[in-house]
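Structure first, commentary second.
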Amino acid sequence: MMGDKKNIDRIFQEKFKDYEVFPEAHVWKGIEKELVKKRERRIVPLWLRFAGAAAILITVVSVGSRFYNNNDIKNNSPNTITNSDNSEENKDKNSKKEEQLLDKENVNKQLNGVATEKTLITTKQKPDQQNSTIPRITQKEERIQNVFNNKINNNVEVADNQQNIKEQQQDKNRNHFENAKQQEVNKENLILTDVEKPIKSQKKDILEELHEQNTIEEFRKNINKWSIGSTAGPVYMNSLEGSPIDPSLVDNSKNSKGSLTYGVKVNYKLSDKFSLQSGIQNIDLAYSTSNVKVIVSSSLLNQSNTSNINFNIKGASAQVFSSDAHITQAIEVSQIPFRKKSPFNNSGNLYQKLSYVEVPLEAKYTLVQKKLGVNLVGGFSTYFLYGNTISISSSGKSIPLGEASNVNDINFSGNVGLDLEYNISPNLFINTSPMLKYQLNTYSKNSGGFKPYFFGIYAGLNYRF
Amino acid sequence: MGLKQLINSCKENDRKAQSEIYQLFAGKLFGLCLKYSRNYQEAQDNLHNGFLTIFDKIEQYKFKGSFEGWLKRIIVNTALQTYREKNVLTLVSEEIPEEIDLEIDDENISLDFLLELIQGLSTRYRLVFNLYVLDGYSHKEIASMLNISEGTSKSNLSRAKVILRNKIELYQSKKNEAL
C-alpha cells in the first residue's frame, strides 16, 4: 500500500508536467468579441484623423486662395489714381508689389507644406497609440463588469465548473495512464526542457509596460469630453518688413507694443488624440512706427493722399513722411499754406491700434497625456474689427489722426502652436499655450509689404465636464 | 499553415489565424491559468485577458526563443498583474527557511486534488510555489517579479511546501482510515 517516498516538488512536477485543460467555448467567444470591437474602434479614429487633417488643409487652402484673389484684383486695377508725375515711382511700386506677391506665395507654400507635413506625422504616430490605449479602457471596464457578474453567479457556476474540471481531468488521467510508460522514458528529458528560464529583462519589460499602461488607463478614465476655461495673455505683433500706413515708412524702425488678449475657450474631445477648440477672445494689436512726420493740407489743393489714413478732419488731406528719408520732399510740401497752423506738423511716433474680436477654430493633437499634457495646435481664427485708430505721439503728447482705411473688417489668421496642460485635479487643469498666428488678409489694399503675424502666450484655468 | 505563418498572420490581425493560435495553445495556457488562479472563474478571466494581451503584443514577438515560452510568460504576467492590482501580495509573515525533508507517498494522489491544494494556498504562496517548482523561475527572478526579497521568496516557498505536505498527509491518513 505504501508507494515510494518522493519529494513533494517531484510529485507536483510530474503531475503537472503536461497539464492541459481546454477552456470552455465561451472564453474564445469573449476574446473574439473584444478583438472585433478593437478593430472597429481602430477604424473610426483613422477616418476621423484623416477628416481632421483634411479640414485643416481645406481651411488653409481656401483662406490662402482668397488671399491670392485679393492680390490679383489689386494688381489688375491700375494705379491711375496716383499722380502721373510719379510714373517712375509707380514702376518701382509695381515691381515691389510683384516681389511682395512672390514672397507671399512662398510663405503660403511653406504654410501648406507645414500643414501637410504635420498631418503626415500625426497619421504615422496614431495607430500604435490608438492600438494600445483606447480599447484597453473599455476592456478593463468590461472586465470589472465581468468580475461583478461573476461574483453574483459564483455559487452556481463554481459548482458547475468544478464538475467540468473533474470530468475533463478524468479524461486526462486516463490518457496519462495510457501514456505512463512512454512518459517514464521521456521524463528526465522533459523536465529539463520544460523548465524554461527565460531572460529576465524581457519579463521585466512586459511587467513594467503593463504597469505603465495601467496608470495611464486609470488617468484616462477620468477624462471628460468637454472643457471650458478662461484664456488671457500678452500678444506681440510683428512684421519683418513694410509698412501698412504709407510706403514711405517702409524703412522706419517699428516696435510692437505688447498688448493683452482675453476671452473664453471651449474644447471638445473628438477622440483620444484629437480635440477641437473654439471660443471668443478680445484682442488689441498695436505697433508704432518711429520718426514720422505728418503734413496736412487742404484737400482743395488737390494734394494726393498717398497714405492709408482716413483723417479725422474733413476737407483735409495729409501726407505722412519718414522724417529721415523725405526731408527734401517735406520741405517742398511745407510751402503749402496753412502749414504753420497745422497741429500735425510734428515728428514723432505713429501709433496704430487695431481691436478685434477673435473667434478661433483649432484642432488639437495630443502628444503626451499624463499629469502634464502636451498638445500640438493648428487651425485658423476669424477676426472682426471693432476698433481702428491711428495717432501720432511726440514729446509726450498723443494726437489722434484718424483711422486706417486699408484694414479689412473681417480677416483671418493661420494658427500654430503648442498647448501644455497641467492637471490639478481630474476636472481642473491649467494650460499655457504659445501660439504663432500668421495674418492672411488684414489689409484690403496696399499694405506696403507688411506681413503681420503675432505671437501670443495664452494661459488659462479650465474645467472639464 | 506553419506556426511562423500563423504568427505573421496574427500580426496582421487575421481573425482565422488568431483562432488557430488559440486552439493550439489554449489547453496548455488554461492549465497554467488554473495553477496560478484561486478558482476556475479567475483562471478564465486570466486566460481572457492574457490572450488579448498576446494578440495585442504579438507584433513584439520577433521569433527569438520559443513562441510557447513567450505565450506562457504573458499569461504568468497577466496572472501576477491581477493579484498585484488586488494588492494581495503584501502582508505575509517572513521567516528564515528551514531545510526540511518534504517527502510523501506518491500513491493515489489525483491531479485534481493537487490542483485544489495549489488553488487553496494563499496567493503569495501559490504564486511562489508555481513560479519556482512548476515553472522553473529562480528565487532571484521571483523576487523581482513579485517585488519581494529573495529571502522572502525562499521562506514563502518552504512554508508553501509544508502546508502542501501536511494537507496531503491529512488526506492520505483519512483515506487510510476509510479503508
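For A:Leu372, put the label point 7 Å out on the Cα→Cβ axis and report which residues of segment A:412-437 keep their amide N under 20 Å from it. Within reach of a label on A:Leu372, which here means backbone N under 20 Å from a point 7 Å along Cα→Cβ, segment A:412-437 contributes A:417-435. The mean number of partner chain beta-carbon atoms within 10 angstrom of a residue's beta-carbon across peptide B:42-53 is 6. Computed with the Debye formula from one identical point scatterer per Cα of chain B, without solvent, the log10 of I(q)/I(0) at q = 0.11, 0.17, 0.19 Å⁻¹ comes to -0.56, -1.08, -1.23. In this structure, the residue pairs whose Cα-Cα separation is over 29 Å, taken from A:Lys269/B:Lys16; A:Lys15/B:Lys16; A:Lys265/A:Lys371, are A:Lys269/B:Lys16; A:Lys15/B:Lys16. Taken residue by residue and averaged, Cβ atoms of other chains lying within 10 Å of the Cβ of A:423-432 number 0. The residues packed around B:Phe25, meaning those with a beta-carbon under 11 Å from its beta-carbon, carry a net charge of -1 if Lys and Arg are +1 and Asp and Glu are -1. Each part reduced to its alpha carbon centroid, segment B:1-31 and segment A:354-417 end up 57 Å apart.
P(r) tail, segment B:3-85: Cα-Cα pairs separated by more than 16 Å, 47% of all pairs. Legend: mean number of C-beta atoms from other chains within 10 angstrom of residue C-beta atoms, peptide B:135-145, equals 3.
The calculated FRET efficiency for A:Tyr386 paired with A:Arg39, based on their beta-carbon distance and R0 = 51 Å, is about 0.50. Measuring from label point to label point, each 7 Å out along Cα→Cβ, what is the A:Asp9 to B:Lys16 span in nm? It works out to 4.7 nm between the two label points.
Span-like helix criteria (full DSSP H runs; alpha carbon extent of at least 20 Å along the helix axis; mean Kyte-Doolittle hydropathy of at least -1.0) are satisfied in chain B by B:15-36, B:40-57, B:67-85.
For the peptides A:356-368, B:70-82, the ranking by mean Cβ contacts within 10 Å, running from highest to lowest, is B:70-82, A:356-368.
Going from the alpha-carbon gyration tensor of segment B:111-178, what semi-axes, largest first and in whole Å, does one get by taking the root of 5 times each eigenvalue?
27, 11, 8
Each reported figure results from applying straightforward, stated rules to the coordinates on display, with no laboratory input. As the structure is a computational prediction, the values presented were derived from the model and not from experiment. Ideal geometry is used to build each Cβ from the backbone, glycine not excepted, and the neighbour counts take in all protein chains shown.
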